[in-house]
Amino acid sequence: MTSSTARFSPIAALLREAVDRRVFPCATVEVGRSDGVHWQDACGTLTYEATAPAATIDTVFDLASLTKAIATTTVVMQLFDQGQVRLEDPVRRWIDDWRGDDRQQVSLADLLEHASGLTAHLPLFRDHTSRVDFQHTISTLPLEYVPRTQSIYSDLGFILLGFLATDAAGGVGLDRQFSDIAERLQLGPLRYRPPADWRTHTAPTEIEPWRGRLLQGEVHDENGWALGGVAGHTGLFGTAPAVGRFARVLLRTLTGRPLVAKPATVRRFLRSTTVPGSSRALGWDTMLVTSSCGHRLSPDAIGHTGFTGTSLWIDPQQDLYVVLLTNRVHPTRDNEAILSLRPAIHDAVVEALTR
């Protein structure tokens with residue numbers, strides 16, 4: 001480590017206090033720069049049971065919507081670099097069901113920026129079990145707003161992106177495409193459909209009413225589950241060190257090395273949208289005073305959160321990243337205490353590094 005553990009003791013205290021207050025059963029955190037890891041920590045136990053094992057830095061978490069930024073957006077970057085897709089491609093070029101005068105001009109970029117007109121979420125899992133069903137329903141839904149007049153964060157748009165990316169790669173699934181990227185970048189344990197031997201060190205999520213069981217190593221999101229655990233909006237599992245390695249590679253790419261993608265491609269994807277009132281970039285969120293990353297990251301910071309209690313924020317200007325993984329949805333998703341904790345953690349990290 002390049003910084004003393006004592007410097008980060010206030011953040012460790014915040015996390016342990018959060019465990020005591022049952023904000024989440026357990027958490028792992030990694031703070032670093034492009035040159036390496038500066039601090040790691042793990043606290044709590046995998047569940048609230050008295051016999052539950054303690055979390056370690058190698059505990060695996062359901063990353064939920066971090067999938068959108070880390071997997072789907074990175075796969076689309078690769079396809080863009082290969083000339084397989086263009087940001088201005090109309091969705092109808094790839095998705096035959098996408099029809100109607102109100103949506104003819106909606107582009108790949110609009111899906112990435114959550115500005116396609118699609119609603120945020122629908123419980124399609126209740127009666128949909130295949131790509132054909134999901135694609136047709138999403139593509140024929142009445143749009144909630146005129147595309148590019150605003151931004152509504154939409155799982156549905158990223159579900160379509162997963163289908164589109166598969167077709168653009170000649171039928172190679174999103175999981176295989178990302179697996180190839182992760183192997184090339186030597187990211188470590190970061191993948192869809194985690195193997196059975198990960199289960200014992202995977203943090204359980206919810207005792208989920210629809211499936212009637214505790215979910216451990218099985219995707220939490222019901223639509224993701226109905227799609228077989230591989231989707232554009234969710235499905236990725238991983239550890240804090242693996243997510244941290246991804247962040248370091250992204251930071252290094254921005255300094256001119258073609259690692260995640262061509263540096264110019266990454267810079268284009270991380271540019272803030274021109275959609276009115278939106279904080280989005282292509283597949284990522286950006287820094288606002290209301291963001292989950294607090295108030296001390298630079299205006300260039302990009303990040304994402306996951307419903308299960310996960311987040312990744314990367315600040316190229318400060319050469320800094322913060323990975324925070326929790327299972328705040330255990331035993332129920334109704335616990336939202338993490339919303340106030342996230343900004344405090346990120347503010348405390350920046351303060352620790354600038355002392």
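The values are calculated or read from the model by the stated rules, or taken from the named source; none is laboratory data. All values derive from a computational prediction rather than experimental measurement. Positions of Cβ are backbone-derived with ideal geometry, glycine not excepted, and every protein chain shown enters the neighbour counts.
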Go through segment 299-355 and count every residue that is within 17 Å of Trp39 (Cβ to Cβ) and acidic (Asp, Glu).
4
What number of residues within segment 61-97 satisfy the criterion of being part of a loop (DSSP other than H, G, I, E, B), in contact (Cβ under 8 Å) with a residue 60 or more places away in the chain and over 20 Å from the mean Cα position of the chain (by Cα)?
4
Being aliphatic (A, V, I, L, M), more than 28 Å from Arg22 (Cα to Cα) and touching a residue at least 24 places away in the same chain (Cβ under 8 Å) is true for just one of Ala203, Ala120. Which residue is that?
Ala120
Among Gly294, Gly277, Gly256, which is the only one that is part of a loop (DSSP other than H, G, I, E, B), more than 16 Å from the chain's Cα centre (by Cα) and surrounded by 16 or more Cβ atoms within 10 Å (Cβ to Cβ)?
Gly294
Hey, Val266 buried (at least 18 other Cβ atoms within 10 Å of the Cβ), assigned to a loop (DSSP other than H, G, I, E, B), outside the structural domain of Tyr145 (by TED's automatic domain parsing) and under 19 Å from the mean Cα position of the chain (by Cα) or not:
no
Can you give me the number of residues within segment 103-147 that are of a type in the set (Val, Ile, Thr) and surrounded by 15 or more Cβ atoms within 10 Å (Cβ to Cβ)?
4
Does Asp110 satisfy being farther than 17 Å from Leu190 by Cα and acidic (Asp, Glu)?
yes
Among the residues of segment 196-216, which ones are of a type outside the set (Phe, Trp, Tyr) and in contact with a helix residue (DSSP H, G or I) (Cβ under 7 Å, 6 or more places away or on another chain)?
Gln216
